[in-house]
Each structure stands twice: as C-alpha cells, then as structure tokens.
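*Asks:* Dumping the structure here so I can ask a few things about it.
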Amino acid sequence: MSVEANKELVRGYVNAILVNRDFSKFSDFTAPGFYIDRSAVPEAIKGENALHNQMDMLYGAFPDLDLQIVDMVAEGDKVVVRFAAPGTHQNTFAGIPATGKRATWKGIVMYHVVDGKITEAWANWDDWGLLEQLR
C-alpha cells in the first residue's frame, strides 16, 4: 500500500473505532493479533475487547471527549498521529472522582500497517499532564 493509503486506513480506524466507537468495523482496519503497546500500562492492550474496555472507561469519565487528529505523518509502513482529546471530567477517572474540570489529554501513537491492516501500535499519552489538569 502507498503511504497515502496507510494514512487513510489509520484515519478511518481513528474515526470509526476511537471516535465513533463502532467496534463492528474493528476487523476492517486491524489484523488478527492487533495490539497496542501503551507506555503507561505494563501489559499491551490486546485485541478488540481490551481496546473497547479502554475506550468505554475513557468516554465514561469524559462523556464529551473530542478526540482529534492534530498531525499525521507517515513513511513506509508506519503512520504517526499526534492527538489532542479535550473533554470534561464528569465521572471517576484513575480513582479521581468527577471534578467538572475541562482537560485536554495529548498523545502520540505510531501505527504499523501491513497488507492494508493495522497490526500493532505504540502509544505514548501524557497521563501525568492529564491528571495534573484534574487537580
């Protein structure tokens, strides 16, 4: 696939799965064995159910979360996305009861695309920065 096709695949995944949470389309974008190596979590987020649980937890705490692609760059079989995700802390998150504060979570994720499917991702989100905004 071309670099542009890889970017479109990742953009489609972000919109369908992460923004709209339409997990019925998960296999349209991801290869079997898909996982996310997340810097702040000791174990990888493996597969559809694990990611679905993560997204439910996040949108549960920040129901108005507005996950945005700020930048996207690609080379070869890698696509890197810089995200911003503003939202209002309306339910417990990381043990912190709802504060009603508006916060923006920022992160960078690198996706690996093979044969038209995302096989893995490496994610680095500013969890500390998000928690600081909730103080």
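The values are calculated or read from the model by the stated rules, or taken from the named source; none is laboratory data. Small disclaimer: the values here were computed from a predicted structure and weren't measured. No Cβ is skipped: glycine too gets one built from the backbone with ideal geometry, and neighbour counts run over all protein chains shown. For the accessible areas, the whole protein counts, side chains as well, though only heavy atoms, and no ligand, DNA or RNA atoms are used. Shrake-Rupley method; radii C 1.70, N 1.55, O 1.52, S 1.80 Å.
*Asks:* Starting from the amide H of W105, placed 1.01 Å from N in the peptide plane, find each other amide H under 5 Å away whose residue is 5 or more places distant or on another chain.
*Replies:* Here A85, G87 satisfy the definition.
*Asks:* Which whole number of Å³ per residue matches the convex hull of the alpha-carbon atoms in the stretch 1-71?
*Replies:* Once divided by residue count, the hull of the stretch 1-71 is 113 Å³.
*Asks:* Please calculate how many Å² of accessible area the stretch 17-115 carries per residue, with a 1.4 Å probe and no DNA, RNA or ligand atoms counted.
*Replies:* Counting only protein heavy atoms, the per-residue value for the stretch 17-115 is 53 Å².
*Asks:* Working from Cα positions, state the angle (0 to 90°, nearest 10) between the long axis of helix 47-61 and the longest principal axis of the chain.
*Replies:* 30 degrees
*Asks:* Add -39500 (n - 2.57) for each DSSP H run of 4 or more in the chain, then divide by its residues: what number comes out at 222 nm, to the nearest 500 deg cm²/dmol?
*Replies:* -8000 deg cm²/dmol
*Asks:* Additional query: What does the charge count around K7 come to, taking other residues whose C-beta lies under 15 Å from its C-beta (Lys +1, Arg +1, Asp -1, Glu -1)?
*Replies:* It works out to a net charge of -1.
*Asks:* Let me ask another. For the chain, list log₁₀ I(q)/I(0) at each q in 0.15, 0.17, 0.18 Å⁻¹, using the Debye formula over Cα point scatterers of equal strength and ignoring solvent, two decimals each.
*Replies:* Debye intensities relative to I(0), on a log10 scale: -0.71, -0.91, -1.01.
*Asks:* Roll a 1.4 angstrom probe over the protein heavy atoms and tell me the percent of accessible area of the stretch 1-78 that is carbon or sulfur.
*Replies:* 48 percent
*Asks:* Let me ask something else. So between A98 and A44, what do we pick up on full extension, going 0.36 nm a residue minus the alpha carbon distance? All intermediate terms of the calculation are to be shown ahead of the outcome.
*Replies:* On the way: separation 54, 0.36 × 54 = 19.44 nm, distance 2.71 nm.
Net length gain for the segment: 16.7 nm.
*Asks:* What are the ³J(HN,Hα) values, in whole Hz, obtained from phi via the Karplus relation 6.51 cos²θ - 1.76 cosθ + 1.60 with θ = phi - 60°, for each residue of the stretch 109-116 in sequence order, with x given for Gly and Pro?
*Replies:* Running phi through 6.51 cos²θ - 1.76 cosθ + 1.60 with θ = phi - 60° gives 10, 9, 9, 10, 10, 10, 6, x Hz.
*Asks:* Near the amide H of A31, under 5 Å away, which other amide H atoms are found, from residues 5 or more places off or on another chain, if H is placed in the peptide plane?
*Replies:* Correct list: I118, T119.
*Asks:* Between L131 and D71, what is 0.36 nm times their sequence separation minus the Cα-Cα distance? Round to one decimal in nm.
*Replies:* Working: separation 60, 0.36 × 60 = 21.60 nm, distance 2.33 nm.
So the chain would gain 19.3 nm between L131 and D71.
*Asks:* Quick one: what are the phi-derived ³J(HN,Hα) couplings along the stretch 88-100, Karplus 6.51/-1.76/1.60 with θ = phi - 60°, whole Hz, x for glycine and proline?
*Replies:* Residue by residue, the stretch 88-100 yields 9, 6, 10, 9, 3, 9, 6, x, 9, x, 3, 10, x Hz.
*Asks:* Using only alpha carbons, build the gyration tensor for the stretch 56-125 and give me the equivalent ellipsoid semi-axes, biggest first, whole Å.
*Replies:* 29, 12, 9
*Asks:* Of all accessible surface on the stretch 92-132 at a 1.4 Å probe, what whole percent is carbon and sulfur?
*Replies:* Its accessible area is 59 percent carbon and sulfur atoms.
*Asks:* Mind ranking 72-80, 19-27 by how tightly packed they are, going by the mean number of other C-beta atoms within 10 angstrom, highest first?
*Replies:* Output ranking for 72-80, 19-27: 72-80, 19-27.
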